[in-house]
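Participant: Just passing along the structure, written as structure tokens.
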Amino acid sequence: MIKNAFFLFLNVIKIDLKLLKDYPRIFIPLTLRALVSLGVLCLIYISPYYPFKKILGPPVIEFFGSKFLHYPHNFTILPIIFINIKNFLINPLITSIMVAVCCGMVYDYHNGREPKFWRNFNKAVRRFLPLSLCMLFLVSISYLSYRMIPLLMIKLFGEAEIGIFMSTFIPFFVLIIFESLFVFCFIAIMTKKQNAFKALKKSFIFSLKLYPVVFFLVFLPRLLDLLMSFLIVFQVRISDMFIPDIAVLIFVLIILIAIISDTLVFSLIANLYVLSADEN
Amino acid sequence: MRIKKVILLFLIICFAAVNAGCYGTYEAERQYWLANRQYERLLQSLNQASDESQRSEIIKDKAPEVIISLRKITINYPFLPLSSQAMLLIANVYIIEARLDRAIKEYENIINEFPHMREQCASAMIALASIYKERGNWRSAEEIYENVISEYFDTQIGFQAPLLIARYYKSRAMNIEADKTYETAMNLYKEYINDNPDVPQASIALEQLVNCYSDQGEWLEAIRYLQNDIIEDSDSPLALQAMLITGTIYEAQFNSRDKAFEIYRQAIEKFPEDPLVEKIRDRLELYGE
């Protein structure tokens with residue numbers, strides 16, 4: 001049983017790497033998402049600059065205060081604004097579609113068709129609502145675990161270094177556990193035209209059957225994201241060592257790394273889905 | 001092909017957007033912050049210097065760079081208030097370099113070009129007067145202090161001017177002049193506090209007034225003034241400050257902890273929510289009160 005799971009795990013990785021090597025265009029959907037994220041980051045960064053201040057300044061003043069349109073205070077709110085926009089706008093509106101396109105392209109490959117971006121994009125746009133709802137569900141879990149667990153850790157460990165490490169590690173693991181359970185929903189929507197609830201249920205049942213394999217297929221690429229989380233945690237210290245503007249570079253790096261980690265997670269999962277479905 | 005064009009367009013827009021705003025106030029703030037950090041690092045290195053030769057070496061190495069960074073702000077953004085702030089720092093670096101004539105010129109430029117920047121002008125004038133005083137030109141120094149009192153008295157630095165005049169006479173043991181100038185200073189502070197009890201600057205005026213009492217050793221008069229004119233029947237933040245000062249005087253000057261703690265307890269009762277009271281509460285708890 002364990003041996004079979006291990007071989008399946010290795011087989012999926014082997015097929016996925018070959019697929020990504022033969023069709024690097026599978027990186028296109030999440031690269032486009034990265035471009036949108038970079039655009040948003042750029043808008044936040046330039047919001048204190050004239051003439052952008054005229055349009056982008058009032059919301060910042062309204063929510064945070066006028067102090068945060070001045071250097072270097074704007075960099076203290078840059079992560080907050082960017083992470084919230086990413087979680088509640090980019091992820092449900094863009095990432096949901098792009099992840100589905102990525103899964104659809106892998107599915108096409110296994111069905112002997114050329115993995116085409118536009119065909120899958122049109123398909124994903126038509127299924128926008130369930131995709132978006134599923135993404136919101138995952139985002140909510142991520143948001144809750146990254147909000148609640150650090151608070152608990154600070155209560156337990158105070159401001160000690162161990163508390164900082166635990167408040168990054170534990171939400172990460174909680175997120176991986178939940179993501180592994182519901183990650184198949186996107187490919188289920190793309191291939192079976194299911195609604196969000198049914199897709200999440202199907203993903204949950206499907207994932208439980210192969211849970212250790214799914215967990216590690218999600219966990220390995222997400223280690224890259226974990227490294228990036230530490231960059232966010234130590235962003236203030238890094239900024240103190242260099243200049244506050246380095247916060248922007250940190251987020252650019254995070255966005256670029258997310259192209260690789262997200263493409264790997266969803267292509268691996270799509271491969272596993274197709275291979276397991278074939279076996280069944 | 002289409003995607004390549006989109007990416008290229010996106011990069012061009014980002015580049016143009018960032019460059020478009022490069023000459024605004026924000027960029028000035030950025031340059032000032034970076035230059036100010038260089039200035040602070042210079043001061044830090046000087047504080048850590050082990051001997052005079054190392055100090056001279058640091059000044060020779062780092063001071064010109066700091067001046068160049070600050071000067072860029074005054075050249076690129078001559079009309080922004082930050083320029084006056086940068087000029088103040090430049091003058092400070094000149095003083096560190098012992099180039100007092102350049103410092104004087106810098107201070108004069110601030111006073112002439114930024115008369116509306118009250119805090120910066122007051123700082124420049126006080127610093128200028130201090131240079132004249134050091135050079136033995138008390139007449140010019142006193143004239144500048146008088147100007148500060150007439151034009152910028154209600155600024156953080158400006159409040160120092162009357163006390164600095166009095167302290168000069170005291171340091172020279174010119175007792176008649178010292179008494180007279182202390183009296184003038186105290187009247188100025190009392191008048192300001194009386195007219196503006198609720199503005200934040202009143203607390204600075206009160207500090208300077210207490211310094212006047214302290215310089216003359218008139219602790220009982222200080223307590224009497226604080227009790228009768230500020231604390232009594234008042235629940236303003238100034239009253240809290242006055243209570244804390246009174247407590248400190250009882251503790252430090254009269255060794256009367258009981259009396260001090262009684263006043264602290266009154267302060268806690270009267271201003272339970274004030275953050276200043278938190279420290280006092282901790283202190284009382286430490287002594288089991």
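The values are calculated or read from the model by the stated rules, or taken from the named source; none is laboratory data. This is a predicted model, so every value here is computed, not measured. Here Cβ is always computed from backbone atoms with ideal geometry, including for glycine, and neighbour counts include all displayed protein chains.
Participant: Would you check if there is a residue in the range B:159-182 being surrounded by 15 or more Cβ atoms within 10 Å (Cβ to Cβ), assigned to a loop (DSSP other than H, G, I, E, B) and more than 18 Å from the chain's Cα centre (by Cα)?
Facilitator: no
Participant: Same structure, new question: Within the range B:231-260, track down each residue that is assigned to a helix (DSSP H, G or I) and over 20 Å from B:E207 (Cβ atoms). Working first, answer last.
Facilitator: Taking the range B:231-260 and keeping what is assigned to a helix (DSSP H, G or I), we get B:231, B:237-253, B:257-260.
B:R257, B:D258, B:K259, listed by residue number.
Participant: When residues of the range A:239-254 are filtered for being out of contact with any helix residue (DSSP H, G or I) (no Cβ under 6 Å at 6 or more places or on another chain), of a type outside the set (D, E, K, R) and assigned to a helix (DSSP H, G or I), how many remain? First the steps, then the outcome.
Facilitator: Kept after step one, since they are out of contact with any helix residue (DSSP H, G or I) (no Cβ under 6 Å at 6 or more places or on another chain), are these residues of the range A:239-254: A:240-243, A:245, A:249, A:252-253.
Okay, now just the ones that are also of a type outside the set (D, E, K, R), so A:241-243, A:249, A:252-253.
With assigned to a helix (DSSP H, G or I) added as a condition, the list becomes A:241, A:249, A:252-253.
Adding up the residues that qualify gives 4.
Participant: Another question, then. Looking at B:A98, B:A91, B:A28, which is the one that is surrounded by 15 or more Cβ atoms within 10 Å (Cβ to Cβ) and either closer than 23 Å to B:I126 by Cα or free of Cβ contacts under 8 Å to residues at least 24 places away in the same chain (or both)? Can you show your working first?
Facilitator: On the way: B:A98 fails: surrounded by 15 or more Cβ atoms within 10 Å (Cβ to Cβ); B:A28 fails: either closer than 23 Å to B:I126 by Cα or free of Cβ contacts under 8 Å to residues at least 24 places away in the same chain (or both).
The unique qualifying residue is B:A91.
Participant: Can you find even one residue in the range A:6-26 that is touching a residue at least 40 places away in the same chain (Cβ under 8 Å) and within 14 Å of another protein chain (Cβ to nearest Cβ)? Talk me through it step by step, then tell me what you get.
Facilitator: The first filter runs over the range A:6-26 and keeps only residues touching a residue at least 40 places away in the same chain (Cβ under 8 Å), leaving A:8-9, A:11-13, A:15-16, A:19-20, A:23, A:25-26.
Pick out the ones that are also within 14 Å of another protein chain (Cβ to nearest Cβ) and you get A:25-26.
Looking for residues that are touching a residue at least 40 places away in the same chain (Cβ under 8 Å) and within 14 Å of another protein chain (Cβ to nearest Cβ), one finds at least one in the range A:6-26, hence yes.
Participant: May I ask you to say which residue of A:I13, A:I61 is among the hydrophobic types (A, V, I, L, M, F, W, C), crowded, with 16+ Cβ neighbours inside 10 Å, in contact with a helix residue (DSSP H, G or I) (Cβ under 9 Å, 6 or more places away or on another chain) and over 30 Å from A:N195 (Cβ atoms)?
Facilitator: Numbers: A:I61 fails: crowded, with 16+ Cβ neighbours inside 10 Å.
The match here is A:I13.
Participant: Have a look at A:S261, A:S239, A:S229 and point out the one that is within 25 Å of A:G39 (Cβ to Cβ), among the hydroxyl-bearing types (S, T, Y) and within 14 Å of chain B (Cβ to nearest Cβ).
Facilitator: Values: A:S261 fails: within 14 Å of chain B (Cβ to nearest Cβ); A:S229 fails: within 14 Å of chain B (Cβ to nearest Cβ).
One residue alone meets the criteria, A:S239.
Participant: Specify the residue that is nearest to the chain's Cα centre (by Cα); the eligible residues are those in the range A:183-238 that are among the hydroxyl-bearing types (S, T, Y) and more than 15 Å from A:S267 (Cβ to Cβ). Before you say what the answer is, go through the steps one by one.
Facilitator: Kept after step one, since they are among the hydroxyl-bearing types (S, T, Y), are these residues of the range A:183-238: A:191, A:203, A:207, A:211, A:229.
Within this subset, residues satisfying the condition of being more than 15 Å from A:S267 (Cβ to Cβ) are A:203, A:207, A:211, A:229.
Details: A:S203: 18, A:S207: 19, A:Y211: 20, A:S229: 12 Å.
The extreme case among them is A:S229.
Participant: Which one of these is in contact with a Leu (Cβ under 9 Å, 6 or more places away or on another chain) and either modelled with pLDDT of 95 or more or within 11 Å of another protein chain (Cβ to nearest Cβ) (or both): A:I97, A:I61? Full working, then the answer.
Facilitator: Details: A:I61 fails: either modelled with pLDDT of 95 or more or within 11 Å of another protein chain (Cβ to nearest Cβ) (or both).
Just a single option satisfies the conditions, and that option is A:I97.
Participant: Please enumerate the residues belonging to the range B:195-230 that are among the acidic types (D, E) and assigned to a helix (DSSP H, G or I).
Facilitator: B:D195, B:E207, B:D215, B:E221, B:D229
Participant: Go through (1) closer than 30 Å to A:F52 by Cβ; (2) in a helix (DSSP H, G or I); (3) modelled with pLDDT under 95 for B:Y23 and report which single condition fails.
Facilitator: Evaluating B:Y23 over (1) closer than 30 Å to A:F52 by Cβ; (2) in a helix (DSSP H, G or I); (3) modelled with pLDDT under 95 leaves (2) as the failure.
Participant: Considering each of A:Y50, A:Y71 in turn, give the residue that is surrounded by 18 or more Cβ atoms within 10 Å (Cβ to Cβ) and either under 24 Å from A:R237 (Cα atoms) or out of contact with any Cys (no Cβ under 9 Å at 6 or more places or on another chain) (or both).
Facilitator: Numbers: A:Y50 fails: surrounded by 18 or more Cβ atoms within 10 Å (Cβ to Cβ).
It is A:Y71.
Participant: Which of the helices (runs of 4 or more DSSP H) contained wholly in the range A:63-168 include at least 2 residues that are over 17 Å from the mean Cα position of the chain (by Cα) and among the charged types (D, E, K, R)? Steps first, please.
Facilitator: Working: elements: A:74-85, A:96-110, A:117-126, A:128-157.
Fully inside the range A:63-168 and qualifying: A:117-126.
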